[in-house]
1. Considering segment 222-254 alone, what residues qualify as being closer than 23 Å to Thr427 by Cβ, of a type in the set (A, V, I, L, M, F, W, C) and either at pLDDT below 90 or not in a loop (DSSP other than H, G, I, E, B) (or both)?
2. Output the residues belonging to segment 393-428 that are within 15 Å of Pro213 (Cα to Cα) and either open to solvent by 10 Å² or more (accessible area, probe 1.4 Å) or out of contact with any strand residue (DSSP E or B) (no Cβ under 8 Å at 6 or more places or on another chain) (or both).
3. Among the residues of segment 256-309, write down those that are touching a residue at least 60 places away in the same chain (Cβ under 8 Å), basic (Lys, Arg) and in contact with a strand residue (DSSP E or B) (Cβ under 8 Å, 6 or more places away or on another chain).
4. Residues that are more than 16 Å from Thr235 (Cα to Cα), open to solvent by 30 Å² or more (accessible area, probe 1.4 Å) and in contact with a Ser or Thr (Cβ under 8 Å, 6 or more places away or on another chain): find the strands (runs of 3 or more DSSP E) completely inside segment 102-202 holding 1 or more of those.
5. Scan segment 174-181 and give yes if some residue there is free of Cβ contacts under 8 Å to residues at least 40 places away in the same chain, touching a helix residue (DSSP H, G or I) at 6+ places or on another chain (Cβ under 6 Å) and under 30 Å from Asn58 (Cβ atoms), otherwise no.
6. Could you please find all residues in segment 255-267 being open to solvent by less than 10 Å² (accessible area, probe 1.4 Å) and either over 16 Å from Leu434 (Cα atoms) or part of a loop (DSSP other than H, G, I, E, B) (or both)?
7. Considering only residues that are open to solvent by 40 Å² or more (accessible area, probe 1.4 Å) and in contact (Cβ under 8 Å) with a residue 24 or more places away in the chain, look in segment 374-392 and name the one that is farthest from Ala285 (Cα to Cα).
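The values are calculated or read from the model by the stated rules, or taken from the named source; none is laboratory data. Bear in mind that the values here come from a model prediction, so they are computed numbers and not experimental data. Cβ: placed from backbone, ideal geometry, glycine included. Neighbour counts: every protein chain shown. To get the accessible areas, we keep the full protein, side chains included, count just its heavy atoms, and leave off ligands, DNA and RNA. Shrake-Rupley method; radii C 1.70, N 1.55, O 1.52, S 1.80 Å.
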Amino acid sequence: MMHLAAFLFTPGSHSAGWRHPEAIPECDMEFPLYVRIAQAAERGKLDTIFFQDTVAVNGSAGLDGITAVRPKQARQAYLEPTTLLAALATVTTHIGLIATATTTYNEPYNIARRFASIDHISGGRAGWNLVTSQVEDEAGNFGADHHMLHAERYERAEEFYDVVAGLWDSFEDGAMLRDKASGNFIDPSRLHHLNHRGKHFSVRGPLNMARCPQGRPIVTQAGSSSAGMELAARTADLVFTAQSDLAEAQAFTRDLKARAARHGRNPQHVKVMPGLMTIIGRTEAEAQAKYRSLQGLLSDENAMRLLARLCGDLDIHSFPPDAPLPPLPPSNAAKARQQHLMDKAKRENLSVIQVARYLGTSLGHQLLVGTPASIADSMAQWVAEGACDGFTLMFPYYPTPLEDFVALVVPELQRRGLFRTEYEGRTLREHLGLPVPANRFTAAG
């Protein structure tokens, strides 16, 4: 059985998808539209929905006021995702609820409390996407002149996770007595201080939150650099990644699961789910027509702007658009995504503008254009050949493409016995087939 997550990157993962006649671009801010999307994903029995987050307006750093932000860029204003998850928990019953919260511009106690609250509100469906911020615009919103360097971001993230995971174990199961007869509200022997002192954080604890329904929320990770993979292998239950080539995906999954084993973990308890954008037609001709209509909305200017952010100090605009992609200098943004683009360009002999348009079309993830049967064929092959455990589904705009996937591709996968027809339980851990982790203090006792 494959696992499926819906990556709700509103108003669309195609950088011009919001302009499509069917698109409802207001889905980035209007809660009723989020409800429609989440409930559609739940009808399809998807494991979880997943929200990315950036704590800045992209492209705002160094410009003279907010009015100077490039007006043609989408994805600039959207709801804070953990607040949104809490609201969506009340209008869904089974689907997992995952959101990004950066370790670079947050504090561990707040994050531990926030996601534990969502887990209680949802009855055990919460997940934290642990990331180190890659967008340099974020630094200026948190009192920093420069974005923290990549290696330091990951060092901080490692310690951040240790603190959050420790805080989630503050209360053992059964610690909340609420015994009216004796007057004992809490069993003090089952309440624990963390007393963490490290390079980046000093946190006493305990967290003022009873143990979560899942033991702790699911932890996901999206970094694919060596540092990101090492963090994921040690901490993550679910890994979002970007591969568009089968062999590349197989190598990534083998590497990641081997790293997990070296950390003493069961590799089967780390689910790898690369991004996948689908453009679906009832016939091949219909699918290709949909693809052409989307590509006709994507300007070279906007595509190049996306690529420029991943080019470090190199002025990519100085190169002819039809020239091969040059070697890109190290970037303090998304190192793994930059390397993915260089590898793909070399493997497929892509020009600068072809790489830019690939990035603008699918954010650098795999793209499948075809019928439900052909899309299911490819998805089945990747899972059967060890490239992944499932997929993080991306959509060019909302809500129709997600609803089409649920109506057309999910039944095809179910017919082949590759995807569930009913949820296995009520928690996200049950959907993913993951055990409830032991409380460290109980285990130590």
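1. Result: Ala222, Ala232, Leu238, Val239, Phe240.
2. The answer is Gly425, Arg426, Thr427.
3. Answer for segment 256-309, where residues must be touching a residue at least 60 places away in the same chain (Cβ under 8 Å), basic (Lys, Arg) and in contact with a strand residue (DSSP E or B) (Cβ under 8 Å, 6 or more places away or on another chain): Lys271, Lys290.
4. Result: empty, no element qualifies.
5. no
6. Leu256 - this is the single residue of segment 255-267 that is open to solvent by less than 10 Å² (accessible area, probe 1.4 Å) and either over 16 Å from Leu434 (Cα atoms) or part of a loop (DSSP other than H, G, I, E, B) (or both).
7. Glu385
Quick grid of which residues meet (1) open to solvent by 10 Å² or more (accessible area, probe 1.4 Å); (2) assigned to a helix (DSSP H, G or I); (3) under 17 Å from His94 (Cβ atoms):
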| residue | (1), (2), (3) |
| --- | --- |
| Met1 | yes, no, yes |
| Ala5 | no, no, yes |
| Phe9 | yes, no, no |
| Ser15 | yes, no, no |
| Glu22 | yes, no, no |
| Glu26 | yes, yes, no |
| Ala40 | no, yes, yes |
| Lys45 | yes, no, yes |
